[in-house]
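Accompanying notes for the structure given below.
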Amino acid sequence: MPQQGIVAVILRFHHFYLTLQTSFFILSPRMITILFIGDVVGQPSLQGLLKAMPGLRERYAPHGIIVNGENIVDGKGLSDREATMLFQAGAHVITTGNHIWENWKSRPLLATNPLVLRPHNYPPENPGRGITTATIANGYRMGVIQVQGRTYMQTIDCPFKTLDAAIEEVSAETQIIIVDFHAEATGEKVALGYYADGRVSAVLGTHTHIQTADAQILPQGTAYITDVGMTGPAMSVLGMNIDVALNRFLLQTAHKYELGEGVTRISGVVLKIDDTTGKAHSIEPFVQPEFLQTGL
Ligand SMILES: [Fe+2]
Ligand SMILES: [Fe+2]
């Protein structure tokens, strides 16, 4: 019967299509999405970020979230209270930086919570570590390493050699490895990006608070940006009150830290990472609200 023949052909094609679809699903890499939020400056900015977090999670659907929290309490570190708020809002790991040591309440937090990091290349007698792994959505394991630069900063251990040992430790557990490189000098940051290329999923710069326009995938598959930028008050000098910052420059004397004003501008990047290789597929920087590029 010709009709039976046609049905048989359709069924065969359907079976072939299903097989193809299944094998494509098995063979194609699964992409893991990681959201990284740059240095949060001040309590009002923490509140601004917490308010924006549901929208960011809906927009980017991240499996893992990392927040740099080095400047939350008047520009200096964070305590257990602020860390708890960030974890409750969905953060999996909090990184910090040089300013973490200026807040005494940060030290017990570093000593007791392995998901709050400080740069790993400070002398090991200091509390805390700069290496961790965390379970993120769908049971994936995300490794996070933080090291700090030495150019125009404290003369701590070599961030490059510290990173070698840190990658060895973390890669025993997962291929998804995000590095927060907290550094001042652009050259040192770019150099460390190439140094780590192909060995980690991403090298993301923090500390200088202004997002750079060089987000890219390096030749061996590592996502890179010189600085993610800050999450801080829009009317400010890197988060600080404008008059205070001006007095520091004009008068060359110390002036009490005050936060800037205006809405919270959130800076971050979204990474897509191949879960089978740990290599980055894409890096998408964002700033919200955006900077105005035209005026009157
Ligand atoms: Fe910072
Ligand atoms: Fe810093």
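We did not get these values from a lab; they are worked out from the coordinates using the rules stated. Remember, it's a predicted structure, so these values are computed and weren't measured experimentally. Cβ placement follows ideal geometry from the backbone for every residue including glycine, while neighbour counts extend to all protein chains displayed.
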Give me the angle, in degrees from 0 to 90, between the Cα long axis of helix 186-196 and the longest principal axis of the Cα atoms of the chain, rounded to the nearest 10. 40
Once you've got the GNM for the chain with C-alpha springs shorter than 10 Å, pick whichever of Tyr152, Tyr194, Tyr122 has the biggest mean-square fluctuation. Tyr152
If exposed means GluC sites (Glu not before Pro) lying in a DSSP loop and surrounded by at most 10 other beta carbons within 10 Å, then the longest stretch of the chain lacking such sites spans residues 126-289
Per the rule of 0.36 nm per residue minus the C-alpha distance, extending Arg57 to Thr135 adds in nm 26.4 nm
Counting only DSSP loop positions in region 222-270, the trypsin sites (Lys or Arg not before Pro) whose Cβ has at most 12 other Cβ atoms within 10 Å are Lys256
If the elastic network links every pair of Cα atoms under 10 Å, which of His209, His99, His255 fluctuates the most in the Gaussian network model of the chain? His255
Modelling each spin label as a point 7 Å along the Cα-to-Cβ direction, I'd like the Phe249/Ala172 distance in nm, to one decimal. 4.8
Need one number: % antiparallel among DSSP beta bridges in region 30-288, to the nearest 5. 50
Given the rule -39500 (n - 2.57) for each run of at least 4 DSSP H residues, summed and divided by the residues of the chain, what is its mean residue ellipticity at 222 nm, to the nearest 500 deg cm²/dmol? -10000 deg cm²/dmol
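Among residues other than Leu78 whose Cβ falls under 12 Å from its Cβ, what is the net charge (Lys/Arg +1, Asp/Glu -1)? Numbers along the way, then the final one.
Values: positive: Lys76, Arg81, Lys105, Arg107, Arg118; negative: Asp39, Glu70, Asp74, Asp80, Glu82, Glu102.
Summing Lys/Arg as +1 and Asp/Glu as -1 gives -1.
What does the net charge come to around Thr33 if you take all other residues with beta carbon closer than 12 Å to its beta carbon, with K and R at +1 and D and E at -1? Please list the in-between numbers first.
Numbers: positive: Arg30, Arg57, Arg59, Lys272; negative: Asp274, Asp275, Glu284.
Counting the neighbours of Thr33, the net charge comes to +1.
Could you calculate the FRET efficiency of Ser282 with Thr155 from 1/(1 + (r/R0)^6), where r is the beta carbon distance between them and R0 is 35 Å, rounded to 0.05? Write down the numbers at each step before the final one.
Working: r = 36 Å, r/R0 = 1.03.
My answer for the efficiency is 0.45.
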To the nearest 10 degrees, the tilt of helix 2-27 (Cα long axis) against the first principal axis of the alpha carbons of the chain is 30
With the chain treated as a Gaussian network of Cα nodes joined by springs under 10 Å, which of Ala191, Ala234, Ala280 yields the largest mean-square fluctuation? Ala191
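Order of 73-80, 155-162, 36-43 by packing, highest average Cβ count within 10 Å first? The partial results should precede the final answer.
Working: 73-80: 19.8, 155-162: 15.8, 36-43: 26.5.
Put in order of decreasing packing, that is 36-43, 73-80, 155-162.
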P(r) for region 27-168, please, calculated from all Cα pair distances in 5 Å bins and given in %. 2, 10, 19, 22, 20, 14, 8, 3, 1, 0, 0
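How much net charge surrounds His63 when only other residues with a Cβ under 11 Å from its Cβ are counted (Lys, Arg +1; Asp, Glu -1)?
Values: positive: Arg30, Arg57, Arg141, Lys272; negative: Asp275.
So the environment of His63 carries a net charge of +3.
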Restricting attention to region 72-125, which chymotrypsin sites (Phe, Trp or Tyr not before Pro) occupy a DSSP loop and are surrounded by at most 10 other Cβ atoms within 10 Å? Trp104
Of the residues Met240, Thr135, Val147, the Cα lying farthest along the dipole of region 132-277 towards its positive end, which is defined by charges on the beta carbon of Lys, Arg, Asp and Glu, belongs to Met240
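Looking at the square roots a ≥ b ≥ c of the eigenvalues of the Cα gyration tensor of the chain, which shape do they give, rounded for a/c under 1.5, prolate if a/b is larger than b/c, or oblate? The partial results should precede the final answer.
Working: a/c = 2.28, a/b = 1.82, b/c = 1.26.
Verdict is prolate for the chain.
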Taking the Cα centre of the chain as origin and charging only Cβ (+1 Lys, Arg; -1 Asp, Glu), how large is the dipole, in debye to the nearest 20? 580
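Quick one: compute the contact order of the chain, relative version, from alpha carbon pairs under 8 angstrom and 6+ residues apart, as a percent. The partial results should precede the final answer.
Values: 672 pairs, mean separation 50.9, N = 296.
RCO, the chain: 17 percent.
Please give me, ordered by residue number, the chymotrypsin sites (Phe, Trp or Tyr not before Pro) of region 198-296 that lie in loop per DSSP and have at most 11 other Cβ atoms within 10 Å.
Phe291
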